[in-house]
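See structure below.
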Amino acid sequence: MKILRRCHSTVRGLRKSRVPTSGFRSILYYDAQGDAGLTRAWVMMAVGLLVAALFGFGVTGWYDRKRLHRIPAETKPEKPAVPA
């Protein structure tokens, strides 16, 4: 019984992946029916992608408005001490 409790506590920590898991389950066991959770999984993944893209473009736009450089400026090589 102690092993089961440890296993369930691990599964509880992974609860954030419930939506993709339900979509995967609907594909495996329920012939990819939308009512079994596949539609909800696709919608939630699309929402997550949209939020991530908006956040990424927002941070990039803010970074550019502040005129911060994402790539370090090129420096000229130093002259050798003794001319060749």
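Summary of values
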{"quantity": "Residues within region 25-39 that are aromatic (Phe, Trp, Tyr) and loosely packed, with under 13 Cβ neighbours inside 10 Å, tallied", "calculated": "1"}
{"quantity": "Only one of Trp42, Trp62 that is open to solvent by 100 Å² or more (accessible area, probe 1.4 Å) and touching a helix residue (DSSP H, G or I) at 6+ places or on another chain (Cβ under 8 Å)", "calculated": "Trp42"}
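The values are calculated or read from the model by the stated rules, or taken from the named source; none is laboratory data. Predicted, not measured: the structure shown is a model, and the values here were computed from it. Don't worry about glycine lacking a Cβ; one is built from the backbone with ideal geometry, like all the others, and counts go over all protein chains shown. Side chains included, ligands, DNA and RNA excluded: accessible areas come from the protein's heavy atoms. Shrake-Rupley method; radii C 1.70, N 1.55, O 1.52, S 1.80 Å.
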